[in-house]
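The values are calculated or read from the model by the stated rules, or taken from the named source; none is laboratory data. The model shown is predicted, which means the values in this text are computed figures rather than measured ones. Positions of Cβ are backbone-derived with ideal geometry, glycine not excepted, and every protein chain shown enters the neighbour counts. SASA here: full protein model, heavy atoms, side chains in, ligands and nucleic acids out. Shrake-Rupley method; radii C 1.70, N 1.55, O 1.52, S 1.80 Å.
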Amino acid sequence: MSRHPEVKWAERADKVFLTVMLPDAKNPKVNLGPEGTFTFSATGGSGDNEYELKLDLCDKVNVEESKINYGVRSIFCVLEKEEAKWWNKLLREGKTPHYVKVDWDKWADEDDDAAGAADPDLGGMDFSKFGDMGGMGGMGGMEGLMGGMGGMGGMGGPDEFEDDSDDDELEVSKPGAGGSASKVDDEKPEATAAAEKTEAASA
């Protein structure tokens, strides 16, 4: 029997933030329909439990402009509203389920939004390209890029998501910090040769 993951939400006049809290999610599938239907499924937890979620959102959304980021601890979505207006509730009908909670860290009321409240920076993934992420597997290559997703503090710009390689060494050297990882690797043989010469001389 499937379970429901915890979901946090917040809104602006033109968008809704949804965060699905499921650490180490495997085979996540997220779909968004223009009528405001949001579905999620994945396995996770110590027993590889199945998690499913379907939310009929309050109003229509712009799927092409909506964005999504897959992180180690959560899956964060920015859903662009079809019409810029305050919903003041997440779901079209019925009572909000107990597993759906307000995300106070990202919440802004109408006054805050008018004053230009800052939005979290998502980078460049959008639903038109990543609507169904069933092929992601364990997402090992994405973990290094998006680890530390808590609070979105560690997120960078679009360039940070272009390389989904599993080679963690490429992420050790940052641009402008004195060269790339490949340059460091090229210098290793010279350092080793110098050490061997020193040992030969001392002998």
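Over the heavy atoms of LYS26, what accessible area does a 1.4 Å probe trace out, to the nearest 10 Å²? We get 90 Å² for LYS26. Backbone geometry of segment 52-61 corresponds, through the Karplus equation with coefficients 6.51, -1.76 and 1.60 at θ = phi - 60°, to 3J(HN,Hα) couplings of 9, 8, 9, 10, 8, 5, 4, 8, 6, 10 Hz, x marking Gly and Pro. Over segment 1-73, the Kirkwood radius and the radius of gyration, each from Cα atoms, give a ratio Rg/Rh of 0.97. Close amide-amide hydrogen proximity is noted between ASP24 and ARG73, each under 5 Å apart and 5 or more residues distant or on a separate chain (H modeled in the peptide plane; Pro and chain starts excluded). Residues whose amide H lies under 5 Å from that of ILE68, counting only those 5 or more places away or on a different chain, are VAL78, MET125, ASP126, PHE127; hydrogens are built 1.01 Å from N in the peptide plane.
Each label was represented as a point 7 Å from its Cα along the Cα-to-Cβ direction; for ASN62 and SER2 these points are 3.0 nm apart.
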